[in-house]
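Chemist: The structure is given below, and queries will be raised subsequently.
The values are calculated or read from the model by the stated rules, or taken from the named source; none is laboratory data. Remember, predicted model here, so these are calculated numbers, not experimental data. Positions of Cβ are generated from backbone atoms using ideal geometry, with glycine treated the same way; all protein chains shown enter the neighbour counts.
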Amino acid sequence: MTNEEILEWYEKACAFHTKRAPGLAIGVAMVGACRERLGSVKDKVNAVGESTSCLCDIIQLMTGCTLGNRYLRTYDELGRFAFTLFDRADGRGVRASIDLGKISAAETPELHKFFLRTRSAAVKAGGEARLKSGEQVVKEFLQIRNKIIVLQDVQIEKFGKGEKLPAAVCKTCHESFLYSGTEKECATCRGDLKYYRPA
């Protein structure tokens, strides 16, 4: 991809993401490089995100892999600015990441701060400072992108579209939940997973 193509996709990505974020431009270049390296696929491209960062939005926008169609899965616990695109038919894939060892704090200071999450308090607060910093991150990235994007050929361990679990009705809340064969209650009623409480 050319820098111009990256910037065109970046504008589309900002609209999809609903805000300007420099990680989107970086993600566009990574997805483009990954797809080029992967080449044609026998079945459909699937993706694995290694965090729930803005990279997942780029993957959805540029590949059509989404959480809803189950072509995208994420491992947020890894927390890395990386992902893999792979052929669902055979698990052949390409992992894309950024080599932070090749980002110079002296030559590309804003990009360096972006990846280490050490941008100034004014930038973190948002507003004009954040927009200017984001523009500088993108500018610095485009200057060195070919040096810092790392592509690795990989073989996915579990590929193909997984089976959907059957549904069961929770004996406590009477809602439908995915059932693995032993539970009588959903994870929330069992106390295994709570992300809300009644108001």
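Chemist: Criterion first (assigned to a helix (DSSP H, G or I) and either under 24 Å from the mean Cα position of the chain (by Cα) or touching a residue at least 24 places away in the same chain (Cβ under 8 Å) (or both)) does Q152 satisfy it? Before the answer, list the steps.
Modeler: Values: assigned to a helix (DSSP H, G or I): no; either under 24 Å from the mean Cα position of the chain (by Cα) or touching a residue at least 24 places away in the same chain (Cβ under 8 Å) (or both): yes.
When the stated conditions are applied, Q152 does not pass them.
Chemist: Among the listed residues T66, T52, T74, which satisfies the condition of being over 26 Å from K113 (Cβ atoms), surrounded by fewer than 20 Cβ atoms within 10 Å (Cβ to Cβ) and free of Cβ contacts under 8 Å to residues at least 40 places away in the same chain?
Modeler: Checking each option against the conditions leaves just T66.
Chemist: Right, something else. Of all residues in the range 77-109 being within 12 Å of the chain's Cα centre (by Cα) and among the aliphatic types (A, V, I, L, M), which is modelled with the lowest pLDDT?
Modeler: Restricting to residues being within 12 Å of the chain's Cα centre (by Cα) and among the aliphatic types (A, V, I, L, M), the top hit is L78.
Chemist: Another question, then. If you check G181, G160, G134, which single one turns out to be assigned to a loop (DSSP other than H, G, I, E, B) and surrounded by 12 or more Cβ atoms within 10 Å (Cβ to Cβ)?
Modeler: G160
Chemist: Looking at (1) surrounded by fewer than 17 Cβ atoms within 10 Å (Cβ to Cβ); (2) under 16 Å from the mean Cα position of the chain (by Cα); (3) small (G, A, S), can you tell me which one A33 breaks?
Modeler: (1)
Chemist: Hey, another quick one. Are any residues in the range 1-60 over 24 Å from Y75 (Cα atoms), outside any helix (DSSP H, G or I) and aliphatic (A, V, I, L, M), and if so, which ones?
Modeler: Hit for the range 1-60 is M1, nothing else.
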